[in-house]
Amino acid sequence: MKRWAVVLMCLGLFVALSAESSGCEEIDKSEKSSAQVTKAKVKKVKLGDSKKDVRALLGKPENTDHTEVEGLKNDCWYYGVLADKSWQFCFSNGKLESKNRY
């Protein structure tokens with residue numbers, strides 16, 4: 001009888017630990033997917049859009065890069081960095097100049 005009690009306790013512990021680790025995986029997946037943008041949203045983004053318009057559609061970028069050469073300001077925003085493919089949106093003097101998928 002004691003053996004069954006020990007087996008059941010071990011099984012309960014295993015189930016509890018499995019459920020806890022599954023919960024962590026779900027959090028990681030939701031964080032990963034929230035950082036990605038959908039193709040439908042990307043289609044709405046048009047060349048010439050302002051940074052404000054792009055941010056309103058896609059949210060805050062995961063990463064940014066800023067360069068300035070001879071008064072020309074270039075900013076690139078990156079989305080979906082943790083995904084298989086990433087989106088890059090580059091602005092020249094505040095207007096969207098290119099959008100690429102890598």
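At a glance:
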| quantity | calculated |
| --- | --- |
| Region 36-50: number of residues that are surrounded by 12 or more Cβ atoms within 10 Å (Cβ to Cβ), more than 14 Å from the chain's Cα centre (by Cα) and part of a loop (DSSP other than H, G, I, E, B) | 2 |
| Residue tally, condition of a type in the set (A, V, I, L, M) and in a helix (DSSP H, G or I), over region 51-92 | 4 |
| Inter-residue pairs, beta-carbon under 8 Å, first aliphatic (A, V, I, L, M) and in region 52-64, second part of a helix (DSSP H, G or I) and modelled with pLDDT of 95 or more, 6+ apart | L57/K44 |
| Region 57-96, residues that are within 16 Å of V37 (Cβ to Cβ) and open to solvent by 90 Å² or more (accessible area, probe 1.4 Å) | K60, T64, L82, D84, K85 |
| Of all residues making up region 67-102, the number that are charged (D, E, K, R) and more than 20 Å from the chain's Cα centre (by Cα) | 5 |
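The values are calculated or read from the model by the stated rules, or taken from the named source; none is laboratory data. This is a predicted model, so every value here is computed, not measured. For neighbour counting, all protein chains shown are included, and Cβ atoms are generated from backbone atoms with ideal geometry for every residue, glycine included. Heads up: the accessible areas ignore ligands, DNA and RNA and are worked out on the full protein's heavy atoms, side chains in. Shrake-Rupley method; radii C 1.70, N 1.55, O 1.52, S 1.80 Å.
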